[in-house]
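We did not get these values from a lab; they are worked out from the coordinates using the rules stated. Quantities reported herein were computed from a predicted structural model and do not represent experimental measurements. We place every Cβ from the backbone using ideal geometry, glycine too, and count neighbours over all the protein chains shown.
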Amino acid sequence: MVVIMQERATDEQVTRVVAQLVDMGFDVHRSTGALRTVIGAVGGRREGDPRLLEVLEGVQEVLRITEPYKLASRTFRPENTVIAIGDLRIGGDEVIVMAGPCSAETEEQVEASAAAVKRAGAKVLRGGAFKPRSSPYSFQGLGEEGLRMLRSSADRHNLALVTEIMDVSQLAVVQQYAHILQVGARNMQNYTLLRELGKARMPVLLKRGISATIEEWLLSAEYVLAGGNTDVMLCERGIRTFESYTRNTLDISAIPVVKQLSHLPVLVDPSHGTGRRDKVAPMARAAVAAGADGLLIEVHCDPDHARSDGAQSLFPAQFDRLMAELRIIAPAIGRSICVEPVARRGWSR
């Protein structure tokens, strides 16, 4: 359930409500907005009687959350979540673009890609060091050496770094290098990993599973939120359908649907969503028009010789053109995208 406090409720009144919820066996999650405090109650050893809470001083309303995901729902938090990393804001007015190679391959390759995406206006460098591949014979990534390459180039070009974590055993090492921990589609329902990320207190980018419904996707986010980590962003990256012309079917309609159901930022990965270089730009434009808070785009300076996903990676010149196009689309829906190089940032990590 959700307890909505009155606009001028005191800290003492809020504390009394929290104590009552704890006594009823609930796990309590407090959200303080600009005007009022909202208290989310999850679990409970017995069915809670809302009347026990409605009579407490400072309480305006008690609502039951009917959705199976509680903390991810708009009922719990009506306003949008904005995730802060230094002075970067994900989920605000600016559409944040994360771009870079699918995998770190060499120092030169990572450095050239980071320089190219920064020059075009990206704010975050994307790149993999641990790669979950369908075939055991495909390139699996460089591990910690790849992380070191990615973080070094990100720092040189004043970019944040998002990279994938595949297993709980990798958490400690990936946390040393990344600003955002990415959970890939294959791990969307790896609940052991999600529980640990709930304790991590680092931003988490949760990709939608290959065949996951929107409800299942939000329930996976709930695992991280329930652990106390409120910095969760969702990423639509295409789902598996009967269509075989593209790698996946990018579900653009999921953006407004999730925006209505949840307060979490929604990003889109048109590279994995289509698997085709010539389809990435049209889908990126459509995603921004549909209300996406950010994009993940694969960019490689020599994609024809990339060790992974070269067919869906843009050349730097194509990425430059796409960013120019997005700067025309974003203002039409009240958003913006970085126009000029950003001053040196003080990243929190």
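Rounded to the nearest 10 degrees, what's the angle between the helix 316-329 long axis and the longest principal axis of the chain, both from Cα atoms, 0 to 90? Computed tilt is about 40 degrees. Take every DSSP beta bridge whose two residues both sit in the chain; close to 40 percent of them are antiparallel. Counting only alpha carbon atoms, the long axis of helix 214-226 and the longest principal axis of the chain meet at about 70°. The relative contact order of the chain, computed from alpha carbon pairs under 8 Å that lie at least 6 residues apart in sequence, is 17 percent.
Summing Lys and Arg as +1 and Asp and Glu as -1 over all other residues whose Cβ lies under 13 Å from the Cβ of Val97 gives a net charge of +1.
As a test of the formula, what do you get for the chain when each DSSP H run with n ≥ 4 contributes -39,500 (n - 2.57) and the sum is divided by the residue count, at 222 nm and rounded to the nearest 500 deg cm²/dmol? Value at 222 nm, helices only: -10000 deg cm²/dmol. Using bins of 10 Å that start at zero, the share of Cα-Cα pairs per bin across the chain amounts to 6, 25, 33, 22, 10, 5, 0, in whole %.
With only the Cα atoms considered, the stretch 142-205 has a convex hull volume of 79 Å³ per residue.
Net charge in the neighbourhood of Ala281 (other residues with Cβ under 13 Å of its Cβ; Lys, Arg +1, Asp, Glu -1) is +1. Sparse packing (at most 13 other Cβ atoms within 10 Å of the Cβ) combined with a DSSP loop state is found for the following GluC sites (Glu not before Pro) in the stretch 217-247: Glu243.
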